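Student: Structure in structure tokens, see below.
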Amino acid sequence: EAELNLMREALGINQHHDAVTGTAKQHVTDDYYRILHNANVAGWKIFEAAANSASAVNGAPKLAYSPCPRLNISECAFTESTTSGNFIITVYNPLGRPQSPLIVFPVVALENGSPPTYVITDPEGNTVPHDVFPLPQPILVLPGRNSNAEYQVHFVARDLPPVGFASYHVSVSTARKNRVKREVKLKVNRSK
Amino acid sequence: KQGFVFENDFYVITLDSATGHVSSIERKDQPGISASVRQEFMFYNGMRGFNQNFSDRASGAYIFRPESQAPLTMRDQLDVSFVAGDVLTEIRAYTEDWASHVIRFRSDSEVLESEWIAGPIPIDDGVGKELISRFVTDIRNGAKFYTDSNGKLTEPRTRDYRPTFELGDDTEAVSRNYYPVLSRSYIRDEDQSDPNLSRQLTILTDRAQGGGSIVDGALELMVHRRLLYDDAFGVGEALNESAFGTGLVARGLHKFILTSVSNAAKLYRAEEVKDIMRPLYAFAPTSLSAKKWL
């Protein structure tokens, strides 16, 4: 309830037109950011509790979830530091019908210059196709981005259940070089 | 000669080989539905002023008032590259250091994406700027474009026209045709004698933006602005977000769909709820193998 109240408060305050449109002084806008950030943290706590109790129902071990709130700028401490071993990605679909979103996370290059190799397994045990792309250059130089990730992994979480979860198992290995998709320059020529 | 051609199950997208801009989009599954489309980043210089009288009115947090009545162009020839994978393809187009985007499409999707990165907007020349992403097409929209009203009702907007009063001459061509776009905007062929052959270009936004159809066939959305004068409506500060000492950088998404008018609403309605109800995901370490985890 305490977390929900933080979120309610944030929703109430940030419905003000100044919060929506940016018609406020910078320090007021910074305060809107602070309130939204607190609500975001509270939301993740609720997510973690719900995900843990859901997995407990099925007898699965409890997991310590790490959210990555800065995925919008391709920054994620968890996936960047996990260069070997296994991890779980639990995806929650808040929509009342199935959807198949793209799941994206940033990864770093190893000493050999290539990111680790990933094997992603869906809840039915099928291997899920994925790509490893180099991040676009403007992302690498974003001011305020605190990340060494130069690549991103993406895959499609197919047919997520309505208002439900699906967990994907990711096995990370450095055994062989990852086949990163190459960025190919197009020869654009005005004279032609 | 014909340009660089990309395709998925639904679209053929062609880039101009001379400039790198998108030049046309064609539906593979809907014969007759194709359009010449040029997307580019452009900008308006924000009007300077101290708000002493009407002509001295500055562009600011509340007021959008460009200095000229046509947007200024950026570099015509883009740096373009692509990355193609098993899941999706990305076309990466770099216009300037402060304006670029990635056109992304999955092999099986009717929705194309333009993920833009804008900023920091340069102000070394002492001029505030308002950056737009503009789509110019051959769609004959007859001065009409459509925006949503808080994601619900779709409102038709007619250029230089108000339904309840006579629009005077003392207004400005760009500003008077800008409207709020909360989640979607579209233009479509005015002639809908055959709705299966009339075209509609819909753009879904991931945030509220301003937009308009300033000339026929065009649809523009303002993605970022940085201004150096207050517009005297109460903020008392210029809209100059100088984060990190360099100015704010924004990253966002426009989803765009070209389809027949008869098919458009069922596509964009389904897609826009996915934007509002985006999936959340989080990561957790495990010592279990995939087999044991299952």
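Student: Treating only the Cβ of Lys, Arg, Asp and Glu as charged (+1, +1, -1, -1), what charge dipole size does the stretch B:180-294 show about its Cα centre? Round to the nearest 20 debye.
Tutor: I would put it at about 940 debye.
Student: R0 = 56 Å: FRET efficiency of A:R176 with B:I123, Cβ-based, nearest 0.05?
Tutor: After rounding, the FRET efficiency stands at 0.70.
Student: Would you kindly state how much longer the chain becomes between B:E237 and B:K291 on full extension, computed as 0.36 nm times their sequence separation minus their alpha carbon distance, in nm to one decimal?
Tutor: The B:E237-B:K291 span can extend by a further 13.5 nm.
Student: Mind giving me the nanometre distance, one decimal, between the label points for A:H17 and B:D9, set 7 Å out from Cα along Cα→Cβ?
Tutor: Simple spin-label model gives 4.5 nm for this pair.
Student: Cα gyration tensor of the stretch B:171-270, axes a ≥ b ≥ c as square roots of the eigenvalues: rounded (a/c below 1.5), prolate (a/b > b/c) or oblate?
Tutor: prolate
Student: Turning to a different aspect of this structure: Quick check: pseudo-label points 7 Å beyond the Cα along Cα→Cβ at A:A60 and B:S193, how many nm apart are they?
Tutor: Result for the modelled spin labels: 5.9 nm.
Student: Taking amide H positions as placed 1.01 Å from N in the peptide plane, with prolines and chain starts having none, which residues 5 or more places from B:G128, or on another chain, fall under 5 Å of its amide H?
Tutor: B:G46, B:L228
Student: Straight-line reach only, C-alpha to C-alpha below 20 angstrom: list the aspartates and glutamates that B:K1 could link to, leaving out same-chain residues fewer than 8 apart.
Tutor: Here the aspartates and glutamates satisfying the reach criterion relative to B:K1 are B:D16, B:E26, B:D76, B:D79.
Student: Using Cα positions and a limit of under 28 Å, work out the lysines in reach of B:K255, with same-chain residues fewer than 8 apart set aside.
Tutor: A:K181, A:K185, A:K187, B:K28, B:K129, B:K144, B:K152, B:K266, B:K274
Student: Still on this structure, please answer the following. Please compute the length gained on full extension between A:N112 and A:H27, using 0.36 nm multiplied by the number of residues separating them and subtracting their Cα-Cα distance.
Tutor: 26.1 nm is the gain from fully extending A:N112 to A:H27.
Student: For the stretch B:189-261 and the stretch B:106-139, write down the distance between their C-alpha centroids in whole Å.
Tutor: Each part's Cα centre sits 8 Å from the other's.
Student: Oh, and also: Toward the positive end of the charge dipole of chain B, about the Cα centre and with charges on Cβ (Lys, Arg +1; Asp, Glu -1), which of B:P279, B:P31, B:Q52 goes farthest?
Tutor: B:P279
Student: If you place +1 on the Cβ of every Lys and Arg and -1 on the Cβ of every Asp and Glu, how big does the dipole about the Cα centre of the stretch B:133-228 come out, in debye to the nearest 20?
Tutor: 460 debye
Student: Something else now. Using a simple charge model, +1 on the beta-carbon of Lys and Arg, -1 on the beta-carbon of Asp and Glu, nothing else, what dipole does the protein assembly as shown show about its Cα centre, in debye to the nearest 20?
Tutor: 1160 debye
Student: Okay, moving on. Shape of the stretch B:90-176 from its Cα gyration tensor (a ≥ b ≥ c, root eigenvalues): rounded if a/c is under 1.5, otherwise prolate when a/b > b/c, or oblate?
Tutor: It comes out oblate by the Cα gyration axes.
Student: Gap in Å between the Cα centre of the stretch B:140-173 and the Cα centre of the stretch A:24-96?
Tutor: What the calculation gives is 41 Å, centre to centre.
Student: Now, a different point. Need one number: nm distance between label points at B:A70 and B:E96, each 7 Å from Cα along Cα→Cβ, rounded to one decimal.
Tutor: A separation of 1.8 nm, rounded to one decimal place.
Student: To continue, here is another question. Helix-only estimate, please: 222 nm mean residue ellipticity of chain A, summing -39500 (n - 2.57) across DSSP H runs of length 4 or more and dividing by its residues, to the nearest 500.
Tutor: -9500 deg cm²/dmol
Student: Here's another thing I want to ask about it. Under 20 Å from the Cα of B:K291, which lysines turn up, not counting those fewer than eight places away in the same chain?
Tutor: Straight-distance partners of B:K291: A:K62.
Student: What residue among A:I89, B:H21, A:V188 has its Cα farthest toward the positive end of the dipole of the protein assembly as shown, where the charges are +1 on Lys, Arg and -1 on Asp, Glu, each on the Cβ?
Tutor: So the residue we want is A:I89.
Student: Would you order B:E110, A:E124 from fewest to most other beta-carbon atoms within 10 Å of each residue's own beta-carbon?
Tutor: Final ranking by Cβ density, sparse to dense: A:E124, B:E110.
Student: Now, a different point. Please give me the summed charge of the neighbours of A:P138: other residues whose Cβ is under 12 Å from its Cβ, Lys and Arg +1, Asp and Glu -1.
Tutor: Here the charged neighbours net out to -1.
Computed from the coordinates by the stated procedures, all read-outs in this text should not be read as laboratory data. Everything quoted here is computed from the prediction, not taken from an experiment. Here Cβ is always computed from backbone atoms with ideal geometry, including for glycine, and neighbour counts include all displayed protein chains.
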